[in-house]
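Here is the structure we will look at, set down as C-alpha cells.
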Amino acid sequence: MKTINNSLLVLADDDPDDCELFQESITALNVNVKTIIFEGGVQLMDYLKDENAELPDILFLDLNMPLKNGFECLKEIRTNVRLKDICVIIFSTSFNPADVNKSYQLGANAYIQKPFSHEEMKKILKNTLDTDWNDPCSALDSHNFVIQA
C-alpha cells in the first residue's frame with residue numbers, strides 16, 4: 001500500500017469509546033480513506049468471508065472482544081487464501097509480552113497499544129498510514145513495530 005488515498009481501513013473493536021476516538025482521529029487527519037467499524041470479531045469475520053466484500057488495506061484488530069477474540073480472527077484470516085495477505089495490526093489495550101508474541105506468531109503485521117488521548121491516536125494513525133506495509137525497505141520494520149502508548 002504505497003498511498004493511503006482511497007484506502008479502506010477496518011477496525012474491529014467492541015469498545016464504543018475506542019471506536020469513536022479512532023474515527024475522530026482519522027477524520028482529524030484529513031486523509032481520503034474509507035473506514036468500516038465492526039463491534040466484534042463475529043461481525044468482522046462475517047464481512048470478510050463475504051466474497052463480494054471489499055477487503056481492507058489495513059485491519060485494526062482488538063484482542064479482547066466477546067464471542068470471537070482478535071487471536072481467533074487473526075488465525076482465521078491467516079489460514080484463508082483470500083484473506084491471508086490483509087495487513088493486520090493488533091490494536092489493543094494489552095501490552096502483555098505474551099499477547100504481543102502470540103500476535104506475531106499468528107501472523108500480525110504490527111502490534112500497537114491503544115492510546116488514550118486524541119493527539120496520541122492521531123500520531124499513531126498517521127505513522128501507521130504513512131508506512132508502506134508491502135515494502136520491506138519501508139521506514140518501519142513491521143516485524144518490530146510495537147508501539148506502546
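The values are calculated or read from the model by the stated rules, or taken from the named source; none is laboratory data. Every value quoted in this text rests on a predicted model; they were computed, and no experiment measured them. Heads up, the Cβs are rebuilt from the backbone with ideal geometry, glycines too, and the neighbour counts pull from every protein chain shown.
Annotations
- Counting only residues that are crowded, with 21+ Cβ neighbours inside 10 Å and basic (Lys, Arg), the stretch 102-126 holds 1 of them.
Here's the yes/no breakdown for (1) touching a helix residue (DSSP H, G or I) at 6+ places or on another chain (Cβ under 6 Å); (2) over 18 Å from Leu129 (Cα atoms); (3) modelled with pLDDT under 90:
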site	(1), (2), (3)
Leu11	yes, no, no
Pro16	no, yes, no
Leu21	yes, no, yes
Ile36	no, no, no
Tyr47	no, yes, no
Asp50	no, yes, no
Leu83	yes, yes, no
Pro115	yes, no, yes
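- The stretch 34-51 residues that are surrounded by fewer than 16 Cβ atoms within 10 Å (Cβ to Cβ), paired with ones that are polar (S, T, N, Q) and modelled with pLDDT of 95 or more (beta carbon under 9 Å, 6 or more apart): Lys49/Asn80
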